[in-house]
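Q: Structure provided below as structure tokens; questions to follow.
The values are calculated or read from the model by the stated rules, or taken from the named source; none is laboratory data. Owing to the predicted nature of the structure, the values given are computational and were not obtained by experimental measurement. Note that we place each Cβ from the backbone using ideal geometry, even for glycine, and neighbour counts take in every protein chain shown. These accessible areas exclude ligands, DNA and RNA; they are computed on the full protein's heavy atoms, side chains included. Shrake-Rupley method; radii C 1.70, N 1.55, O 1.52, S 1.80 Å.
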Amino acid sequence: MLVSRRSFLFAAMPLLAAPPTGFGFDEFRARRAALRKQLGTSIAVLEGRTEAEGELSRDGFFQEPNFLYLTGWREAGAAVLLTPEGDTLYLPPRRPDTDRWHGRLAAHDDPGVAAQAGFDRVAPMEQLGRDVATAAHRHPELYAIDAKWKPSADLARPIARLRMVKSAAELKKLEQAIAASEAAHLAAWAKTKPGLYEYNIASTMVATYRDGGCQRSAYPPIVGSGPNSVLLHYNVNERRMDAGEILLMDVAGEYDGYAADITRTVPVNGKFTPRQREIYELVLGAQAAAIAACKPGMRLGKKDASSLYKIAFDYFEAHGKLGKYFTHGLGHHIGLDVHDPFDPDLPLAAGHVITIEPGLYLPEEKLGVRIEDMVLVTETGCRVLTSKLPSAPAAIEAAMKRR
Ligand code: GLY
Ligand code: MN
Ligand code: MN
């Protein structure tokens with residue numbers, strides 16, 4: 001029994017050579033085919049992360065998002081070369097000693113590995129430099145992101161163009177990240193009360209979305225009470241919260257690589273003061289105006305014509321000239337990265353997922369309010385993906401009253 005179980009384990013294909021759950025290899029083949037269409041008869045080279053990069057011992061290994069997007073490959077030390085003749089995945093040499101630590105990793109000479117990985121060919125990593133040099137001679141441009149390849153064209157932009165439009169499988173992942181993160185916000189509201197510390201809320205939120213299947217935080221949790229609510233990227237999270245203060249929570253998880261990004265602002269004691277509610281309603285109004293105008297052809301940038309930012313800014317200006325207290329952008333694309341790459345030349349289009357997150361920050365009143373939702377651009381307008389999490393002040397107060 002023991003012997004056959006052992007041989008079964010070693011004969012099994014490497015665990016991570018399978019595509020990420022919820023995706024078939026067709027999805028990654030289609031993405032590479034779409035990229036090759038943009039490249040014409042040129043070639044592209046892209047490397048994944050190696051184990052030596054990043055803070056592995058702190059965060060564990062996770063794949064570089066562009067590489068993951070194109071290949072679905074989740075093991076370290078790989079690369080891909082795209083040519084009009086086909087796609088080759090390059091794998092690092094086998095290191096049997098590391099299998100004991102990480103499980104069996106794939107190697108280029110595993111039988112059937114190319115088919116398992118969904119590639120035309122799999123080759124050893126040591127061949128990559130030579131193959132790139134040979135292919136570069138035969139084709140007009142070499143697209144790459146890393147300057148070490150001395151690329152003649154930038155690969156980041158064509159990949160960004162693809163990543164902007166989410167597939168059905170990607171939307172499902174985003175929805176899972178959102179559901180777990182919405183639950184985290186509701187858990188935070190149920191817990192919040194005067195005398196607790198910001199980290200009590202942060203830890204409840206992280207535990208909730210981890211429990212909901214998220215592998216990581218999409219970004220460091222921002223839990224800012226009172227004076228900290230006006231600090232845009234505050235993440236110390238160690239202050240004691242008191243009655244009468246506001247609490248801004250910009251916190252969300254990442255599900256199978258896909259990020260959520262959600263902010264809600266609530267009263268620590270469960271009831272907004274009249275001034276807090278006044279500012280809150282203005283932020284909500286600006287957000288509603290931007291969401292109402294969100295559709296293909298619009299843009300996010302401050303200087304753009306047809307700018308959603310400008311709609312929110314103008315709303316603040318029209319209500320008490322408050323535009324100067326809106327001190328950041330209106331939103332950003334989101335996907336494998338919380339700030340997903342985008343092509344600045346392209347307007348919003350159906351299938352894009354963005355955040356819409358206006359805020360007002362009044363340091364002298366120790367009052368910062370941001371409301372951040374995620375929105376899918378559709379053919380005719382947009383759909384708020386985070387709408388299950390209330391943002392109307394009465395709904396927040398009602399939810400906090402039930403504690
Ligand atoms: N949580 C980072 C952002 O809202 O962009
Ligand atoms: Mn955001
Ligand atoms: Mn955010």
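Q: What size of dipole, in debye to the nearest 20, comes out for region 168-400 about its Cα centre when the only charges are +1 on Lys and Arg C-beta atoms and -1 on Asp and Glu C-beta atoms? List each step's numbers first, then the result.
A: On the way: 23 positive and 28 negative charges, 91 e Å.
Dipole about the Cα centre, nearest 20: 440 debye.
Q: Would you kindly calculate the translational diffusion coefficient of the chain, applying Stokes-Einstein with the Kirkwood radius from alpha carbon pairs, for 20 °C and a viscosity of 1.002 mPa s, and quote it in µm² s⁻¹ without decimals?
A: Taking Rh from Cα pairs, D becomes 93 µm²/s.
Q: Taking 0.36 nm per intervening residue step and subtracting the Cα-Cα distance, what contour gain separates Ser152 from Ala169 on full extension? All intermediate terms of the calculation are to be shown ahead of the outcome.
A: Working: separation 17, 0.36 × 17 = 6.12 nm, distance 3.31 nm.
Gain in length upon complete extension: 2.8 nm.
Q: Further question: If exposed means no more than 11 neighbouring beta carbons inside 10 Å and the site is in a DSSP loop, what's the longest run of the chain without any exposed GluC sites (Glu not before Pro)? Before the final figure, lay out each step's value.
A: On the way: sites that count: Glu55, Glu238, Glu379.
Between the exposed loop sites, the longest stretch runs 56-237.
Q: Counting Lys and Arg as +1 and Asp and Glu as -1, each charge on the Cβ, what is the dipole of the chain about the Cα centre in debye, to the nearest 20? Don't jump to the answer; show the numbers that get you there.
A: Values: 49 positive and 49 negative charges, 127 e Å.
Here the chain has a charge dipole of around 620 debye.
Q: From the cross-link list Lys310/Lys366; Lys271/Lys401; Lys191/Lys401; Lys366/Lys388; Lys271/Lys366, which pairs have alpha carbons spaced over 19 Å apart?
A: The pairs that break the limit, which is 19 Å between Cα atoms, are Lys310/Lys366; Lys366/Lys388.
Q: Moving to a separate point now. Give the list, by residue number, of cysteines in the chain with no other Cys Cβ closer than 4.7 Å, or say none.
A: Here Cys214 come out as lacking a disulfide-compatible partner, given the Cβ-Cβ threshold of under 4.7 Å.
Q: Which is farthest toward the positive dipole end of the chain among Ala133, Thr98, Ala153, measuring Cα position about the Cα centre, with Cβ charges +1 (Lys, Arg) and -1 (Asp, Glu)?
A: Farthest along the dipole direction, towards plus: Thr98.
Q: Compute the convex hull volume of the Cα atoms of region 5-164, divide it by the residue count, and report the result per residue in Å³ as a whole number. List each step's numbers first, then the result.
A: Values: hull volume 20.2 nm³, N = 160.
Per-residue hull volume (Cα only) is 126 Å³.
Q: Here is a follow-up. Could you work out what % of the accessible surface of region 259-403 is carbon and sulfur, using a 1.4 angstrom probe and leaving DNA, RNA and ligands out of the count? Intermediate values should be presented prior to the final figure.
A: Working: 3370 of 5980 Å².
After summing per-atom areas, the C and S share lands at 56 percent.
Q: I'd like the trypsin sites (Lys or Arg not before Pro) in region 59-125 restricted to DSSP loop residues with at most 13 other Cβ atoms within 10 Å, sorted by number. Numbers along the way, then the final one.
A: On the way: sites: Arg74, Arg94, Arg100, Arg104, Arg121; in loops: Arg74, Arg94, Arg104.
Taking region 59-125 and a limit of 13 other Cβ atoms within 10 Å, no loop trypsin sites (Lys or Arg not before Pro) are found.
Q: Would you please give the residues with an amide H less than 5 Å from that of Gly253, counting only those at least 5 places away or on a separate chain, with H modeled from the backbone geometry?
A: Ser181, Ala218, Ala260
Q: I've got another one for you. Treating only the Cβ of Lys, Arg, Asp and Glu as charged (+1, +1, -1, -1), what charge dipole size does region 5-164 show about its Cα centre? Round to the nearest 20 debye. Working shown, then result.
A: On the way: 22 positive and 21 negative charges, 49 e Å.
Dipole size: approximately 240 debye.
Q: So, one more: Name the long-range amide H neighbours of Asn237: under 5 Å, sequence gap of 5 or more, or other chain; modelled H, no Pro or chain starts.
A: For Asn237, whose amide H was placed from the backbone, the distant partners under 5 Å are Val223.
Q: If you don't mind, another one. Only bridges with both residues in region 168-400 count here: give the DSSP antiparallel percent, nearest 5.
A: Working: 27 of 28 bridges.
Close to 95 percent.
Q: Of all trypsin sites (Lys or Arg not before Pro) in region 268-321, which ones are in loop regions per DSSP and have a Cβ with at most 12 other Cβ atoms within 10 Å? Please report the intermediate quantities before stating the final value.
A: Values: sites: Lys271, Arg275, Arg277, Arg299, Lys302, Lys303, Lys310, Lys321; in loops: Lys271, Lys302, Lys303, Lys321.
Answer by residue number: Lys302, Lys303, Lys321.
Q: In nanometres, what is the gap between the two model label sites at Tyr199 and Ala395, each 7 Å from Cα along Cα-to-Cβ?
A: According to this spin-label approximation, the distance is 3.3 nm.
Q: Another question, if that's okay. I need the phi-derived Karplus couplings for region 56-61: 6.51 cos²θ - 1.76 cosθ + 1.60, θ = phi - 60°, integer Hz, Gly and Pro marked x.
A: 3, 5, 8, 10, x, 7
Q: What residues have an amide H closer than 5 Å to that of Ile371, excluding those fewer than 5 places away on the same chain, when H is modeled at 1.01 Å from N in the peptide plane?
A: none
Q: Considering Cα pairs under 8 angstrom that are at least six residues apart, work out the relative contact order of region 168-400 and quote it in whole percent. List each step's numbers first, then the result.
A: Working: 537 pairs, mean separation 49.8, N = 233.
About 21 percent, as a whole number.
Q: Could you give each residue of region 263-276 its phi-based ³J(HN,Hα) in whole Hz, using Karplus coefficients 6.51, -1.76, 1.60 with θ = phi - 60°, and x for Gly or Pro?
A: 10, 10, 10, 10, x, 4, 9, x, 9, 5, 6, x, 5, 4
Q: Relative contact order of the chain: what whole-number percent is it, with Cα pairs under 8 angstrom and at least 6 residues apart? Intermediate results must be reported in sequence, preceding the final value.
A: Numbers: 810 pairs, mean separation 54.3, N = 403.
Here the relative contact order equals 13 percent.
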